[in-house]
Amino acid sequence: MSQEKDAMDDYDSASNHQEVPGYVPVELILQHPQHGTYSIVRVEFPLTTKVSILKQDMEKRLKIPPERQEWFYKGVVMQPYDTMLHRRVKVDDKIVVKENTATGH
């Protein structure tokens, strides 16, 4: 798990792009509902790690608990058991992360 986290931290920018086998570089677009703004975070995700684990890994960077993160790829909610490989995520694709601010979720 620490290798996966290190790979995400090491990915700085598209200009510094070097593909790592077994990983896919993507843009996470974080929507901030309370401000009506968004942030873009460039990361490399392991192809075979489940979204539920990736949410935990991204908690510190996004400052959103995993249970309040909703991930969307091509407009479809990514399920906890999905992987980047399963969803056929390609290099530089975009994944939208919305913070679910509803109470009780």
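The values are calculated or read from the model by the stated rules, or taken from the named source; none is laboratory data. Model, not experiment: these values are computed from the prediction. Neighbour counts are summed over all protein chains in view; Cβ atoms, including those assigned to glycine, are modelled from backbone coordinates with ideal geometry.
Observations on the model:
- When residues of region 62-105 are limited to those that are farther than 18 Å from Y23 by Cα and among the hydroxyl-bearing types (S, T, Y), the one modelled with the lowest pLDDT: T103
- Any hit, region 42-61, residues being at pLDDT below 95 and small (G, A, S): no
- Scanning region 12-22 for residues that are at pLDDT below 95, touching a Phe, Trp or Tyr at 6+ places or on another chain (Cβ under 8 Å) and not in a loop (DSSP other than H, G, I, E, B) turns up nothing.
- Some residue of region 27-37 being exposed (fewer than 13 other Cβ atoms within 10 Å of the Cβ) and either hydroxyl-bearing (S, T, Y) or modelled with pLDDT of 95 or more (or both): yes
- Pairs with Cβ under 8 Å, 6+ apart, first in region 58-84 and in contact (Cβ under 8 Å) with a residue 60 or more places away in the chain and surrounded by 12 or more Cβ atoms within 10 Å (Cβ to Cβ), second aliphatic (A, V, I, L, M) and in a loop (DSSP other than H, G, I, E, B): M84/L47
- Of the strands (runs of 3 or more DSSP E) lying entirely inside region 36-105, those containing at least 2 residues that are of a type outside the set (F, W, Y) and touching a helix residue (DSSP H, G or I) at 6+ places or on another chain (Cβ under 9 Å) span 37-46, 94-99.
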